1. Provide the net charge surrounding A:LEU431, with neighbours chosen by a C-beta distance below 10 Å and charges set as Lys +1, Arg +1, Asp -1, Glu -1.
2. Using r as the Cβ-Cβ distance of A:GLU516 and A:ASN203, and R0 as 35 Å, what FRET efficiency do you calculate, to the nearest 0.05?
3. Could you pull out the GluC sites (Glu not before Pro) across the range A:44-118 that fall in loop regions by DSSP (anything but H, G, I, E, B) with no more than 14 other Cβ atoms inside 10 Å?
4. Given the protein assembly as shown, what percent of its DSSP beta bridges are antiparallel, to the nearest 5?
5. Once the convex hull of the C-alpha atoms of chain B is built, how many Å³ does it hold per residue, rounded to a whole number?
6. What relative contact order, as a whole-number percentage, does chain B give when Cα pairs under 8 Å and 6 or more residues apart are counted?
7. Could you give the nm distance between label points at B:THR68 and A:GLU564, where each point is 7 Å from its Cα heading toward the beta carbon?
8. Grab the Cα-Cα distance for A:ARG285 and A:THR143, subtract it from 0.36 nm times how many residues apart they are, and report the gain in nm with one decimal.
Amino acid sequence: MSDEVGKITWISGPVVRARGSRKVGMLELVEVGTERLVGEVIGLKGDQMTVQVYEETAGMQTGAPIYGTGLPLSVELGPGLIQSIYDGVQRPLPLIEEAMGSFINRGARFDSISREKKWKYTPQVKVGDEVKGGAILGVAMETDTFEHRVMLNPDDSGTITWVAPAGEYTVTEPIAKLKMGKEEKTLTMLQRWPVRRARPFVNRRGANIPLITGQRILDTFFPVAKGGAAGIPGPFGSGKTVTQHSIAKWADAEVIVYIGCGERGNEMTEVLQEFPHLIDPRSGRPLMERTVLIANTSNMPVAAREASIYTGITIAEYYRDMGYHVALMADSTSRWAEALREVSGRLEEMPAEEGYPAYLAGRLAEFYERAGYVNNLNGSQGSVSIVGAVSPPGGDFSEPVTQHTKRFIRCFWALDKSLASARHFPAINWLDSYSEYLEDVASWWREKTGKDWLGMRNRAMELLSEESRLSQIVKLVGPDALPFTERMVLETTRLIREGILQQNATEAVDAYSSIEKQIRMLELVLYFHDRGMAIVKRGAPISLIHDLPVVDRIIRAKSTVTNEELHKFEEIQKEIDEQMGQLDAEYRS
Amino acid sequence: MSDVTVQGGQEVVGVSRIEGPIMVVEGGTNVSYDEVVEIKDGRGNLRRGRVLEVGEGFAVVQVFAGSTGLSIDGTSVRFLGTTLHIPVAEEMLGRIFDGLGTPIDGGPEPLTDRYADVNGQPINPTARIYPRDYIQTGISTIDGVNTLLRGQKLPLFSGAGMPHDQLAAQIVRQATLGKEAGAPQTEGEEFAIVFAAMGVKNDVADYFRRSFTESGALTRVAMFLNLADDPPVERVVTPRAALTLAEYLAYERDMHVLVVLTDMTNYGEALRQISNVRGEVPSRKGYPGYLYSDLASLYERTGRIRTSKGSITQIPILTMPNDDITHPMPDLTGYITEGQIVLGRELNFAGVYPPVAVLPSLSRLMKDGIGKGRTRDDHPRWGAQLYAGYAKTQDVRALASVIGEEELSEVDQKYLKFGRAFEREFVNQSFTENRTIERTLEIGWKLLSMLPKSELTRVNLDEIEKYYKGDDATN
Ligand SMILES: Nc1ncnc2c1ncn2[C@@H]1O[C@H](COP(=O)(O)OP(=O)(O)O)[C@@H](O)[C@H]1O
Ligand SMILES: [Mg+2]
């Protein structure tokens, strides 16, 4: 099925040139050299083709053959994706380990989805049904509880002529037959989809449901909507990966696609070893049972790193099409951009800013554009939310990847080195970050909690920006120069920073806050502020407020009050009333 | 790793261009990418090189020893048909090699038929064991607040004239002497040290050799030396050769290997030079766009795998040009390694040893190797509290410099005292002082006790109850 289409004429790292057939297509998948390494055609000129190779090219010779496949780079889709860990071009890493040992050798060929494993399948169509692309044909149980909705390929439509009875099938056994015009096609649970082509849907819906992550600074202050896109830029060591891991653990999505793109091997190992033992608070099942991992670490071939982003987003769209909420994490999109730059450099393309190719912005736009909350072809609704980490050189946000990313996301979580070095985590700077989803998700909060989340959130933000103004003054003249009313603001913002914004991802109670806990904490701190301010205005010295025992209680509530014991907040509020009530009485006269 | 025997290949006469360490060879057929070549100059002397690019009828070759003395006419090139391999054997411990892995201590070639590709191969993430065992270095700023784990890559970011060599030597000495210090993890297990020098002066290499000798470890050390006056291009191979031996010792001989690489900045310099000669599109400061991937191909050769009891722990040293941590070398290193120990100029001036600038330092794996059942239950929160306190001290110092110390509030004055004591008693220790983790925790609590209880919101109340020694009456 693969014919020789050319001979290699030039090799430089992951980029190879060859001369031969003019029939080879742009972006066609090819096999390169005698070892038949996987590659993709990225340039054509006369009988010359340029190929990026997804495996290490050391030892490859000029004159060696290139074989065409006639197909674009695609992923395999079907039951068995969940709980898998793949490299950037969807090769299953566990099978590679089984066959080759601890080190990744090249030339490995494995099916991405097991051909042997049988799935419990129940059909949902019957003979005679007219079905269109995306239609749900039946359901396979991908885990004990996860329904994998087997869909007709989006490009197909026709009449069902045969349906397999409920039973156990492999992904290549027929589950139905479809008459398309004169042709009859046998359908299986397995399909392929070209990674660089977005999977189609009917239209976008408004993104007005927040993706709840259990991270207070995100949910309460800078929420991302389901189907939205967020960027998290920061220098090394500021918390990009920990934040992404936290979202992967706690976000209320039904499927998580986590792409380790050009980052550390140990970080993927950590997820692999931890997720099977962590229980999803919503489903009660191990977190691994909703997770697909793509690991193309920094030392794996750079062209496959470029592909990993597309492999991940295509899998995410596939689950969206079933009607699920999917959250995709990409750590880090900068490494992906660098892969583009590296390949572009070898091609001696004209560089734009900092050596990046001129099409960088276009590629970023295409990627983030694949996020969305949509009406699917089959009438269901699903979403893909994207959270992309950005690793700006020197932590300087003015560099091209951060700047272009900003144009295509609506939620910006700016990590800050000085917060990280003071071990204020998550080190997300509340003054530099923003979310454009605030208004969109406000009514959801009101429905769920019955409270004016947006109003309270905005008040807290006002206090924080007031704090920033006051700190400038304090830096010049010291805190004593401020009137007590302004120092009251500083007392409250300390509670906001240490009690709410700081959240320790490694501590069991603190790692995940339910929205009820989040809103109660916010309410409590603002209550403290209002009462304190009233007292201070009557002339009480600020030190009396500062020294109230309840202050410590509030700061510690994040790790002492579990999501199940929210009634404890009533106790704390009572303490505020008691302690402040006393002061209030003293200064009322 | 694969076994390969190097055999003779085709010989080509036809050098068409020589520029810096790069040479274009014409007339070879079936040349393979990245293969090793042997270059014979007019007088018959041999040197080695490697293919960087192949095209129809030509190959671009990088000459490790540089091109001095090579001429277009008198030079012939033999393609060896294989990528660069070095011999690997246990008996290489106690020996000294040049930057390409050839013995320079007067001893014989290692007797082995095991040859391994210096490029190595990526470890499959599914084959790794996540590091969890801490290494007691006896240094408070490391064990206490930036804990080093077995299988971690933790660089020293330093600057010219700072005592990074001493600190690295102290880490190596005290970590491998763990038994005496009471650290349980080295008992009955074999360790090895692989040392690679890139472009450093001879006295640096000598310093390490003496230090290894004094601690009696020299027979467990393999040294790969590319010194300041050795060919710069060879530097690109030196850490790879060292790591290739380290991988063999760790993953095939079950040893705990500590790898010291110094100075990575010189390595980067060599890479930049080659890239510039080739006219590649530069990214920042003239470094090639693939600097990140290239560094990752070294630093990621660290860790533990499920099929072996051994481990590789890396301590790369790099001097930051102009003490600038945003320079591409420290910057990209920090993006790849699992934290960094940063040395600070001001502390060094103040005579503090080791002058570890605690705030920008980080051990990413610390959280997984400390706490209950590993070091002590309070350790993680105690560490966060020390960080928070010391960070606050910096703000207070800034304020004091504006309004004067006397004008500071009572609490802020306590922070000033805390900060000074932190630097003098916690950070500062002698070159031979090997502190137990208990001692480090004790010093930390003593310092925290200088602050009012109400400031200690990172540790929990039980811990304050148990360890706080202050006379604070509030709360
Ligand atoms: N939310 C958090 N809670 C506790 N520690 C954190 C948190 N975020 C970051 N950290 C600490 O910061 C370190 C660096 O974070 P990481 O996410 O690896 O940074 P980055 O990916 O930006 O380089 C972590 O190893 C951890 O010690
Ligand atoms: Mg990271």
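Derivation of every value follows stated rules applied to the coordinates shown; laboratory data play no part. The model shown is predicted, which means the values in this text are computed figures rather than measured ones. Virtual Cβ from ideal backbone geometry, glycine too; neighbours counted across all protein chains shown.
1. Summing Lys/Arg as +1 and Asp/Glu as -1 gives -3.
2. FRET efficiency, A:GLU516 to A:ASN203: 0.55.
3. A:GLU116
4. Percent antiparallel among DSSP bridges in the protein assembly as shown is about 65.
5. Details: hull volume 72.8 nm³, N = 475.
Per residue, the Cα convex hull of chain B comes to 153 Å³.
6. This gives 16 percent for chain B.
7. 7.4
8. Residue separation times 0.36 nm, minus the Cα-Cα distance, leaves 50.1 nm.
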